[in-house]
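Below is one structure, written out as structure tokens; comments come after it.
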Amino acid sequence: MNDRWYHEDISRPMAETLLAKAAQDGSFLVRHSESFEGALALCLLFENCIYTYRIFINEDNMLSVQASAGIKPKNFVKMPDLIEYYKQENTGLVTNLRYPVARVEEVEEEEVAIGAANVVDSTARIRSDAGRSLVTEILTRRLEEVDTAVLAQVPRGFHKALCDYIEQDVLKDAEHVNSSSVDMWQLRLLLSLLTKGLSSELIQTMSALETSQSLLSNQPPPGESLQGQIASEVGVRRLLSIAEELSRVLSSIENQVKDYEPTSPGADVQDRHLEIAPVFEVKLDSFGIFLKIHLKVDIESGKLIVKKSKDGPEDKFYSHNRILQLIKSQKLQNKLVIIIDSEVKKTQRKEYVFTDSKKREAFCQLMQLMKNKHSDFPEPDMINIFIGTWNMGNASAPADIQSWFLCRGQGKTRDDTAADIPHDIYIIGTQEDTQGEREWVELIKSTLKDITYIKFKHIATQTLWNIRIVILAKPEHANRISHISTSSVKTGIANALGNKGAVGVSFMFNGTSFGFVNSHLTSGSEKKLRRNQNYINILRFLNLGDKKLGPFDITNRFTHLFWLGDLNYRMELPTQEAENIVEKIKQQQYQELLAKDQLIMEKNDNKIFLQFQEEEITFPPSYRYDRDSRDMYNYIKQKATGLKYNLPSWCDRVLWKSYPNVHVMCQSYGCTADIVTSDHSPVFATFEVGVSTQFVSKTDPNNAASPGTINFIKCEAKLKTKSKTKFFIEFHSSCLENVVKSAEGENQESRDENLTVVWSSPPELIPIISDPEYLLDQHILICVKSTDSYESYGESCIALQANSNEIMFNVPLEHRGEETGNFSGSYKLTISERKQRERTYDFIQLEKDEMISNKQSKTSTHQEIPKTWDRPVRVAPKLSSHLLAEEAAAKARDRVPLPGLPDTTPKDDSKPSSNSESNWSKTPTMSYTNVEIPQSPLQDQESVGMVSNPLYETVDQMQNSNLKKEQVIPRGLRKGTPPRVEKTPTPSTSSANQLAQALASKESNWQVLPPVPQSRSRSYTCSEVRRLGEGVPQTKKVETKADLSRSGATSQSTGPSSLARPPLPMKSQKVLELQHAVKDYRETSELPAHAKHRGNVAVGQQTSVS
């Protein structure tokens, strides 16, 4: 249909956008239905609302608009007849059809309109005159781009014959095919020229192969020799069949050689790390003193061995079942805390500092491997995945590609200590891959075997022209992988050519679904919109995963979806900036360039890859290098039409999207530096991914006393639509026996002109299994559909969580890659109470006070900490001004803290303990930054005040438990003039109010506190503080005032009269200046000999006066 109102398969949101721009009652268009295959949808605008009517084709190929029950539909032979009829008034529609909305044509050089055109439609274009010139021009341009070195190797005269075929004969063969003829005579003549000497070559090759086969085979193959069957002159088809037989003989010989492969006692060894235990040099923080030791991870025996020297004897060890958890610091990337179960049934906290962050990550991976190996649970709940993408540039791969699979190169890479730890699954995506499928798979398998000593099992391969994806897995996972599905989508010219497009593979790993998409999108810096449309088409037509999830595209069908490939998004910079771009790359100023990255810009505008994540890029652009080198970017390309600029860009990417509340962590993301056969560098990414098991309940199935229920209390959807229809919800989940549908919601107009739909009584969901271990791994997929056309207006996913109260949620809605609104509400999951099994991936955690999101913080992920072995620095909390004022007033009156403020007194510091600092660091923290609250000496627990040397301030052994232990402060704030201390009488109520106002007004001037020295310093003495009412006379309370603008805090302490001491002498200004000029040894790893028993000066520390 060429009518202007026919829009083929545009999306529903796009149709609504076009009608909204028309802004006239009676505006209409026809598109393909999204809910019923083969049906059409008539969209009509009336009174600022859009009405949708479905058009069906019955068995007699008659068209009719869907009518209400009991009303006979009117049939039409042709679509224009139907449109003309409904242009009349009172024909059953909300209004008559008046103004057709024309299609939006997109013309990009030789590119035709974007859309999912079928092969028949594209063939019709080829038969037309316009199509004739278009195909010839495209093929001629491709021939011009072929490397001259390749053309020099073809037979003489073949290049001219190929040009003649493109100009004159290719369309003749196409016409023969369209007329049901199976012969392509012109192509056969072309191939005859190419295969002129092939028969003689086949005779020589087959002779050698048959000799080898007879030598290796115990039973010679019956029948006549194959070489005798080859005549001197044969047709192309006969040559092809012989070549196929030759391939079969080659395969037979390879299998025979494999049978002779000797097996060694160590053939089943899966990891060299099981035999070779790496040793890590670390420093142990013991009471503020850093001791140099060595840690050895013995995976085979399940031990963490502690040694004083690398080659020395074993000092002590911790078995795998005593190591409870590893806690990684985010602020100090080379620091790790190990929680160990001691013999007295108490946990010990060991703090280690590695030489760099890579060593720490390698140590954690080895410890995780040891835990997994010695786990009592038979099925894994975490696997490691390697993902690689490489545009091979139509060149063969080099013999050595190990660096790609070892994650060696630039960016976030793996340490050599753990580089050859095998991953559970390998996903390799290639573009412009001219190698044979079998040849490429064998190269990958042999490379992995050289690295890991494992014969990986081939899971799946999908190829579209030169786009390919290969998936390999460990042999022990073969029985865990099921429901394998493959698919491909063409997005080349007219969406009929496969030079651009995507291939995908999906499967189930026990109870977790995985999807992998390898795509090669449209090239060219100026074709950003075309790439966006490629992405949308891939979402719509890539057929992977559970077919029952029809309303959902691939972004919501899988627990984990990984998207890799040459996405071809470039830098949005003018070509004149080429030299500046190269210079910034040399200086590793990647972030400034990434601000102009098209993929990031489009993703931030919610145009593509909604809810996808990508690890921070810390490697140089992977395109466009000079081949055979990585020292130069070749960004100027000579073409027949003139010079073309291809600015260095991050074309090759890896992104992922996972269901909420599932474990996924990117461990490396970078590119190689030694594979130089292509103008692209191979890119790698590795992930640690949580998986669920194929659940089998251990409880009695007949015990149904407490079945689980999922009760949605109230749901609300805010939809970006002007459609005038009713909506209902579909609930999909693997934990439900069938799809559950809600009743119609109540439509409410919202202020932003979008539509709000409310369901006050959603249906109750009954899961098929009520066991908590099973349900808490499940997710509910939400689909909001219209009642008139059954089309989806948005989909999303909700994770199930157990809580005694209602679980609130607010999730975005999306449909076919576009954001369509949001879905909010609450639910309550009713399940039996039972202790949950700890997951393997919970073994390694981040500091709770530093976990900003599931993904690691972008600002500190790749920043190395200088090897100064500094102690972590604390920052005082920041509270609101009215709490500061109330606290100050309370201290002035009764010295009693308010219950709403953090408890700043340690439980018991009467004697030193190795666990005191551990307990302090494990307490929950709040994100306060710049204020310290004056502490009260009167708490529920007894406390010990520390009185320092007269030259230094007083320091409490334990600070506020809510302070962040590892917050790094600027160096400029570490040194400052100590506060002037004045003795004043006890303030009255009015003075307390003045103090409260002063505290409130100075809130913005609180300064960051430096770290507090440990109580090991011999210059500290203790004075006991008793509670009121214990019979000990109290001394006169003395208030200490500090200059808030300079020190940032005030404090005081009291003590019993029996232990009273004279007040500390005031320091003169000269003494303060001299003290301030002393070197701050907190910034180095050294302590001077004359001051190793002296505490450091801390700005704003508490002063104890008696």
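Can you say whether residue 795 is closer than 21 Å to residue 546 by Cα, among the charged types (D, E, K, R) and either touching a residue at least 12 places away in the same chain (Cβ under 8 Å) or not in a loop (DSSP other than H, G, I, E, B) (or both), as far as the supplied structure shows?
yes
Does the range 823-854 hold any residues that are open to solvent by 40 Å² or more (accessible area, probe 1.4 Å) and at pLDDT below 50, and which are they?
851, 852, 853, 854
Could you go through the range 545-555 and let me know if any residue there is open to solvent by 10 Å² or more (accessible area, probe 1.4 Å), touching a Cys at 6+ places or on another chain (Cβ under 8 Å) and within 16 Å of residue 817 (Cα to Cα).
yes
Going by what's in this entry, would residue 643 be described as outside any loop (DSSP other than H, G, I, E, B), modelled with pLDDT of 90 or more and of a type in the set (A, V, I, L, M)?
no
Given the condition part of a loop (DSSP other than H, G, I, E, B), within 25 Å of residue 659 (Cβ to Cβ), in contact with a helix residue (DSSP H, G or I) (Cβ under 7 Å, 6 or more places away or on another chain) and modelled with pLDDT under 90, answer yes or no: does some residue in the range 722-744 qualify?
no
Search the range 260-309 for residues being touching a Pro at 6+ places or on another chain (Cβ under 8 Å), open to solvent by less than 40 Å² (accessible area, probe 1.4 Å) and over 19 Å from residue 415 (Cβ atoms), and hand back the single one that is modelled with the highest pLDDT.
The selected residue is 307.
Just give me the residues in the range 315-327 being in a strand (DSSP E or B) and closer than 15 Å to residue 295 by Cβ, in sequence order.
315, 316, 317, 318, 319, 323, 326 - these are the residues of the range 315-327 that are in a strand (DSSP E or B) and closer than 15 Å to residue 295 by Cβ.
Do we find that residue 378 is free of Cβ contacts under 8 Å to residues at least 12 places away in the same chain and not charged (D, E, K, R) in this structure?
yes
Hey, residue 579 hits all of (1) at pLDDT 95 or above; (2) surrounded by fewer than 17 Cβ atoms within 10 Å (Cβ to Cβ) but one; which does it fall short on?
The number of the failed condition is (1).
Can you name every residue in the range 789-818 that is small (Gly, Ala, Ser) and surrounded by fewer than 19 Cβ atoms within 10 Å (Cβ to Cβ)?
799, 802, 804
Restricting attention to the range 310-330, which residues are among the polar types (S, T, N, Q) and open to solvent by 80 Å² or more (accessible area, probe 1.4 Å)?
Residue satisfying the conditions is 321 alone.
Could you grab the pairs with beta carbons closer than 6 Å, sequence gap of 6+ or different chains, first residue in the range 407-435 and on the phi > 0 side of the Ramachandran plot and open to solvent by less than 10 Å² (accessible area, probe 1.4 Å), second one among the β-branched types (Val, Ile, Thr) and modelled with pLDDT under 95?
Short answer, once both residue conditions are applied: 407/413.
Which residues, taken from the range 561-584, are under 12 Å from residue 650 (Cα atoms) and in contact with a Lys or Arg (Cβ under 7 Å, 6 or more places away or on another chain)?
The answer is 567, 568, 569, 571, 572.
Which residue is nearest to residue 550 (Cα to Cα), if the candidates are limited to the range 1-47 and must be among the aromatic types (Phe, Trp, Tyr) and open to solvent by 10 Å² or more (accessible area, probe 1.4 Å)?
The qualifying residue nearest to residue 550 (Cα to Cα) is 36.
Considering only the range 454-550, give the strands (runs of 3 or more DSSP E) lying wholly within it that have at least 3 residues that are of a type in the set (Gly, Ala, Ser) and in contact with a Gly (Cβ under 9 Å, 6 or more places away or on another chain).
Filter on the range 454-550 gives 481-490, 501-509, 512-520.
Limited to the range 495-541, what total is found for residues that are open to solvent by 10 Å² or more (accessible area, probe 1.4 Å), among the aliphatic types (A, V, I, L, M) and either modelled with pLDDT under 90 or in contact with a Ser or Thr (Cβ under 9 Å, 6 or more places away or on another chain) (or both)?
Residues that pass the stated criteria total 4.
Could you tell me whether any residue of the range 355-364 is farther than 30 Å from residue 563 by Cβ and open to solvent by less than 10 Å² (accessible area, probe 1.4 Å)?
Yes: the range 355-364 contains one or more residues that are farther than 30 Å from residue 563 by Cβ and open to solvent by less than 10 Å² (accessible area, probe 1.4 Å).
If residue 66 satisfies every condition in (1) in contact (Cβ under 8 Å) with a residue 24 or more places away in the chain; (2) under 29 Å from residue 753 (Cβ atoms); (3) surrounded by fewer than 18 Cβ atoms within 10 Å (Cβ to Cβ) but one, which is the exception?
Of everything listed in (1) in contact (Cβ under 8 Å) with a residue 24 or more places away in the chain; (2) under 29 Å from residue 753 (Cβ atoms); (3) surrounded by fewer than 18 Cβ atoms within 10 Å (Cβ to Cβ), residue 66 misses just condition (1).
I want to confirm something. Restricting to the range 162-192 and keeping residues that are more than 17 Å from residue 136 (Cα to Cα) and of a type in the set (D, E, K, R), which single residue is modelled with the highest pLDDT?
Filtering the range 162-192 for residues that are more than 17 Å from residue 136 (Cα to Cα) and of a type in the set (D, E, K, R), the one modelled with the highest pLDDT comes out as 188.
The values are calculated or read from the model by the stated rules, or taken from the named source; none is laboratory data. Small disclaimer: the values here were computed from a predicted structure and weren't measured. Glycine also receives a Cβ, built like all others from the backbone with ideal geometry; neighbour counts cover every protein chain displayed. Accessible surface is based on the protein model in full, side chains and every heavy atom, while ligands, DNA and RNA are left aside. Shrake-Rupley method; radii C 1.70, N 1.55, O 1.52, S 1.80 Å.
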